[in-house]
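Beneath this line is the structure, given in structure tokens, with notes to follow.
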Amino acid sequence: MALEQFSDVVQRCQGLPDDSYTSEDHDVFTIAGRSCIAEGNSTQVLSVVLDEKNQDIVRCLGWNLLPSLIKVLLKKEEKSLPQCLAIFNHLLEVCSPKELLIGLLEQLEQDDPDTIAESLHLLLNPLQKVLLCLGTRKASSLGMTLSSVLDQVAKLPLPHTKEQEEDDVFSLCRCCTSLISFVRPFVQEAKQNLLSSEELRHCVFLLCSCMKTLSHPLLELQLKDPDTLAVSPLRDFASEILDTLSAIREPLPSLVFRPLLKRKQVPGFLEQEVRYPKESLASLAHLLFVHHMATDTFPNVFSPVFCLRSNMEHICLLLVLSITQELYEKSLVRLEDGSLPADLLEIKTFLTVPQNLVKVMTICQRQDLRTRGLKVFQMSIDKFDTEAKYSFFQYMLKTSNHSGVEGYIIKNIKSQIDLALQPGNGNAWFEGAHLLPLLRQVLSLPDGPETDLLQYLDRVMESLNLLRYLVIRDKVTENQTGIWTELYKIEDTFLKPLRVGLNMSRAHYERELHNIKETKKGKAKEESVLSVSVGDEKLPKMTPESQIQALHSALHTFDMMESVLVRLEELIEGNNNV
């Protein structure tokens, strides 16, 4: 039935001008033709399509057969595959490029990753051929096509291991390789042509596709170095993207240094934020400075400090997205220790980046990333000069809101004081008048005697260790740090409140321990699980034995803290008696 309808409408329309086809002719040709292909009558459809007398209607309406043809080609049905492929290729030769483009893009949309890969592999070459047929007025069509293709690529899972990339388990490598081949002739056109308004649009759409690719998949991919994976399609893909940017007159230094360079506004129909998304520029910086790509086109004339300043916005974004610390690490490695001046801390990113890195160190679930974050954090401290270290320590003590981080900063302060007290190493920031405000900030309890000593354990213990070091190292007769003239204030604001706080905390925990033991005796047969409050917060429900163990651990911590405090008080008294 469908075959007869298809043959009848084609025969009826023979010799008619294109504008004489009725809507009924269009519908019958489309519905009957698709049904014939679906029912396996592709041989007969091929005969009709190739008949010279039918070329006018095929040229005008043939593109409507694309959905059924592509369905067979994707399924690779052996019975109809050769005939459908022949019909498909003939339509690409004779039909209107604009209509073919619409039809092909409609069939590009898929959801299943396996189907997406097959669809891209099948349709990218036909799309390229159709776009090239559009001549010089294809910029918008190219932009629409690239956007659709990249939307499909974005649906593919990313390989995370060397083996997954080698085996291309998600077909991303295959699709990226096909995409490189697809875009190459359009890059060559942009490279060779003069910059008319249409060719500028051409370049802008290529730029947008590069930016989109940099943000996904390249921003989230862990590219393998040549030593790890000798042949890497994804690394080749990234390299090709950088080459494309250079080819369309987008110099890589201008792109990666945009945060610092006051680049003039480029005339065009896209806003700067759309042309140059921050995520894409951060990904570009990562490729250039971490993976050392495009070294032949990136001049080696920029100072390490300039590169760090330019990269700080990129680093901040990468840390916020929890993607990588490597760009920060690689930017710091090139600097000499003590080379960053204090005025850099007036730049917002030099403070926000360490804050974001602290979040990685304290919140990230992966132990390896927390450990690496701490290493990079220390490296960043080492690169500051003495005045910058001083200001940085003050800022972090004020803003980190994390006892472990504060304890780590105090440990660094102790190291700087020790360095300053070495013969010939004196400096104005970690001894004498400048040091005292920092010591006051360190040697204090956040909430006075009521400070939660378990919560602030790291900070309190490092503060005690710092004070003990100063009392032992800096003699009363020398007083290089000024600690001995400040000691009476420290006793009032730190040591005495700490002694009160320790006594209060120990008494509270001993009372809780006694209550649990009594409850355990009285209700052993009634309850197997207890809920205990410490302060205003309930401890997680645990067995009585676990509660007792936790409270004993807290009491042991108070004993340890008090032993350091007692030793410190003995040292102070001993020096006062001298």
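Go through the stretch 294-382 and name the GluC sites (Glu not before Pro) that are in a DSSP coil and have 14 or fewer other Cβ atoms within 10 Å of their Cβ.
Answer by residue number: Glu336.
Using just the alpha carbons, could you tell me how many Å³ per residue the convex hull of the stretch 1-95 encloses?
77
Can you work out the base-10 log of I(q)/I(0) for the stretch 323-366 at q = 0.20, 0.21 1/Å, using the Debye formula on its C-alpha atoms alone?
-0.79, -0.85
For the chain, build the charge dipole from Cβ charges (+1 Lys, Arg; -1 Asp, Glu) around the Cα centre, then report which of Ile417, Phe384, Val49 sits farthest towards its positive end.
It is Ile417.
Assign unit charges at the C-beta atoms only (+1 for Lys and Arg, -1 for Asp and Glu), then state the dipole size of the chain relative to its Cα centre in Debye, rounded to the nearest 20.
Dipole magnitude for the chain comes out near 1160 debye.
At 1.4 Å probe size, with no ligands or nucleic acids counted, give the accessible surface of Phe393 in Å², nearest ten.
0
Counting heavy atoms of the protein chains only and a 1.4 Å probe, report the per residue accessible area for the chain as a whole number of Å².
Per residue, the chain has an accessible area of 49 Å².
For the chain, what relative contact order do you get, as a whole percent, if you take Cα pairs closer than 8 Å and at least 6 residues apart?
7
Considering only the other residues whose Cβ falls under 12 Å of the Cβ of Leu142, what net charge follows from Lys and Arg at +1 and Asp and Glu at -1?
Neighbour charge sum, excluding Leu142 itself: 0.
Given a 1.4 angstrom probe, I'd like the percentage of the accessible area of the stretch 1-95 that is carbon and sulfur, rounded to a whole number.
So the carbon and sulfur contribution to the accessible surface is 50 percent.
Among Lys383/Lys411; Lys414/Lys489; Lys155/Lys330; Lys98/Lys129; Lys75/Lys155, which pairs are too far apart, with a Cα-Cα distance over 23 Å?
Going by Cα-Cα distance, Lys155/Lys330 fall outside the 23 Å limit.
Tell me the Rg and the Dmax, in Å, that the Cα atoms of the stretch 108-248 produce.
Over the stretch 108-248's Cα set, Rg and Dmax evaluate to 15.2, 46 Å.
Quickly estimate the mean residue ellipticity at 222 nm for the chain, helices only: each DSSP H run with n ≥ 4 gives -39500 (n - 2.57), and the total goes over all residues, rounded to 500.
Result for the chain, helices only: -21000 deg cm²/dmol.
The values are calculated or read from the model by the stated rules, or taken from the named source; none is laboratory data. Keep in mind that this is a model prediction, so the values were computed, not measured. Don't worry about glycine lacking a Cβ; one is built from the backbone with ideal geometry, like all the others, and counts go over all protein chains shown. Only protein heavy atoms, including side chains, enter the accessible area calculation; ligands, DNA and RNA are left aside. Shrake-Rupley method; radii C 1.70, N 1.55, O 1.52, S 1.80 Å.
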